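See below for the structure under consideration.
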Amino acid sequence: MEYEENEFIVEDERRYIVLVIYDITENKRRNRMVKCLERYGVRVQRSAFEAFLTKKKYECLVGEAQHLIDGATDSLRIYLLASHTMVRCWGADAKQVDDVIIF
């Protein structure tokens, strides 16, 4: 039986921990950002979301989120954390992103 050269190569499914924090001055833009980020991850603080994403989903998130802010008045930070990163949480809303996979 013959096999094609690439037949057994599995597509890269690595996932990344992503932290998104924002400071948006206007309610309408802020609400749009929240709705966007809720599609990718979970809210862990008032202006912070965590997600566990593939590279493709990460790129989609970056593409969408950066267009929702006013560069003159708002701030958006998206951190792509290394695979060996450990997240430690304390307090009432100490949520974790263990195996949250958003498709």
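Kindly indicate whether ILE78 is aliphatic (A, V, I, L, M), at pLDDT 90 or above and farther than 14 Å from VAL18 by Cβ. Considered against the rule, which asks whether it is aliphatic (A, V, I, L, M), at pLDDT 90 or above and farther than 14 Å from VAL18 by Cβ, ILE78 comes out as no. The single residue among TYR58, TYR16, TYR40 that is of a type in the set (Phe, Trp, Tyr) and over 25 Å from TRP90 (Cα atoms) turns out to be TYR58.
Within the set VAL97, VAL62, the sole residue that is modelled with pLDDT under 70, surrounded by 10 or more Cβ atoms within 10 Å (Cβ to Cβ) and either within 13 Å of the chain's Cα centre (by Cα) or not in a strand (DSSP E or B) (or both) turns out to be VAL97. How many residues, within segment 75-90, are in contact with a helix residue (DSSP H, G or I) (Cβ under 7 Å, 6 or more places away or on another chain) and more than 13 Å from GLU50 (Cβ to Cβ)? Count: 1.
Across segment 31-59, the number of residues qualifying as part of a loop (DSSP other than H, G, I, E, B) and closer than 13 Å to TYR16 by Cα comes to 2.
The values are calculated or read from the model by the stated rules, or taken from the named source; none is laboratory data. Being a predicted model, the structure only gives us computed values, none of them experimental. Neighbour counts run over all protein chains shown; Cβ positions are idealised from the backbone, glycine included.
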